[in-house]
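Engineer: This is the structure, below, for whatever I ask next.
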Amino acid sequence: MFNQSVASDFEPARSSPAQLNWKKYTFRARLDEDASLPPYKGSTFRGVFGHALKHVVCALKTQDCPTCLLRKRCLYPRVFEDQSGVQLGSSRRASAPHPYIIEPPLDDKTDYRQGECFEFDLILLGDINGSLPYFIYAIIEMGKRGIGKGADGKRAQFTLLEVRTAGTVIFTLNSDEVKIPDSTNLFTLNRPNSDKRGCRILVRLETPLRLKSNGQLQDSLDFELFQRAMLRRAAAVLSCYGDVVDLGRLTELLSWFKADSADVAVSHSDLRWHDWERYSARQGRRMRMGGLIGEIEFSGPLTAALPLFRFSELFHLGKQSSFGLGKISCELLEE
């Protein structure tokens, strides 16, 4: 991750800002029984969490969301159901991103013993942070429903022990209320200075990165494809959950971060395709969810684009980012 000294060296000029309120919450839980979990746990957490949240907030348990009179006021469809598309550019529309990102443990551990603890992070975007108590209650309900597979073949239950953010505990097992943080983090994108200095950036793909071009998943990566993914993600997240004046000004602002891909080289690449599957209860079948992992180094006039890399570090890239795919970290290398 870019350290603070690097970030301050390239502080952008203040003009036409786009801002995003966000917060990361860390959940610590203890397994109530032996459990078997998949190597990548993001989709497992996301699936059970979705059912738990619907149970917590839904007033009409048997009503389908699309035809429910409460759908425009209910938290569940805002969080989990596909929303109306967001305009990206003059002609392209895309599905609105979900306002949350689950970051599961990144280890490949699959066998857990009763009493073992595990942690995962939940990032909330925009004003959805005001609904934090519902998310915590849903995680408690998720523990009762269980995850993975227990010794008896059913899901293994767990107990939520605490929730913390920025090192501060805001909820514990014995709490009767959530200590809502006084403020969220604020990410600001301003128009950068006209800085054409060259630099080298090492990007680590920590969870599978799934990018499409012309409707096809890509098993290789160049800077043009990577930059397009960064710009699309920033445009979608900021237009849906950020504080921006209008889409036109946001599009203009993001164009200032764009580097000429012809001037940016891939100076090192150690990427590989990582295949895995998840079961989709909604579609009733197993789905292949492979993507690229590993390292890739870009070199060229990228200084002005550093805030875009930082945005992508925080809020992931590509498809299925809501359950943790597309997690990257970036390192600014010495020339």
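Where a number appears in this text, it was derived from the coordinates with a stated rule and is not lab data. All figures in this text were calculated on a predicted structure; none of them were measured in a lab. Here the Cβ positions follow ideal geometry from the backbone for every residue, glycine too, while neighbour counts run over all protein chains shown.
Engineer: To the nearest 10 degrees, how steep is helix 132-145 against the longest Cα principal axis of the chain, on a 0 to 90 scale?
Structural biologist: 50 degrees
Engineer: Can I ask one more? Got a sec? How would 207, 303, 110, 67 order by Cβ neighbour count within 10 Å, fewest to most?
Structural biologist: So the ranking, lowest neighbour count to highest, is 67, 110, 303, 207.
Engineer: Please compute the length gained on full extension between residue 95 and residue 174, using 0.36 nm multiplied by the number of residues separating them and subtracting their Cα-Cα distance.
Structural biologist: Difference between extended and current length: 24.5 nm.
Engineer: Next question, about the same structure. Taking 0.36 nm per residue of separation and subtracting the Cα-Cα distance, what length does fully extending residue 188 through residue 216 add?
Structural biologist: My answer for the length gained is 6.8 nm.
Engineer: Can I ask one more? Relative to the longest principal axis of the chain, what angle (0 to 90°, nearest 10) does the C-alpha long axis of helix 306-315 take?
Structural biologist: On a 0 to 90 degree scale, this one is about 10.
Engineer: Something else: Name the longest site-free stretch of the chain, where the excluded sites are trypsin sites (Lys or Arg not before Pro) in a DSSP loop with no more than 12 other beta-carbon atoms within 10 Å.
Structural biologist: Value returned for the longest uninterrupted segment is 198-281.
Engineer: Need one number: convex hull volume per residue for region 22-185, Cα atoms only, in Å³.
Structural biologist: 147 Å³
Engineer: Continuing with the same structure: Order the peptides 293-300, 115-122 from the highest to the lowest mean number of other Cβ atoms within 10 Å of their residues.
Structural biologist: Per-residue Cβ counts within 10 Å, averaged per peptide and sorted highest first, yield 293-300, 115-122.
Engineer: Among [x] 43; [y] 61; [z] 48, find the value of percent of Cα pairs over 27 Å apart that was calculated from the structure presented, and write down its label.
Structural biologist: Given [x] 43; [y] 61; [z] 48, the calculated one carries the label [z].
Engineer: May I pose another question? Can you sort 264, 169 so the residue with the fewest Cβ neighbours within 10 Å comes first?
Structural biologist: Neighbour counts put them in this order, fewest first: 169, 264.
Engineer: OK, next. Need one number: nm distance between label points at residue 272 and residue 108, each 7 Å from Cα along Cα→Cβ, rounded to one decimal.
Structural biologist: With each label point 7 Å from Cα toward Cβ, the separation is 0.9 nm.
Engineer: Can you compute the FRET efficiency between residue 121 and residue 252 using 1/(1 + (r/R0)^6), with r the Cβ-Cβ distance and R0 = 45 Å? Round to the nearest 0.05.
Structural biologist: Given R0 = 45 Å and the Cβ-Cβ separation, E is 0.85.
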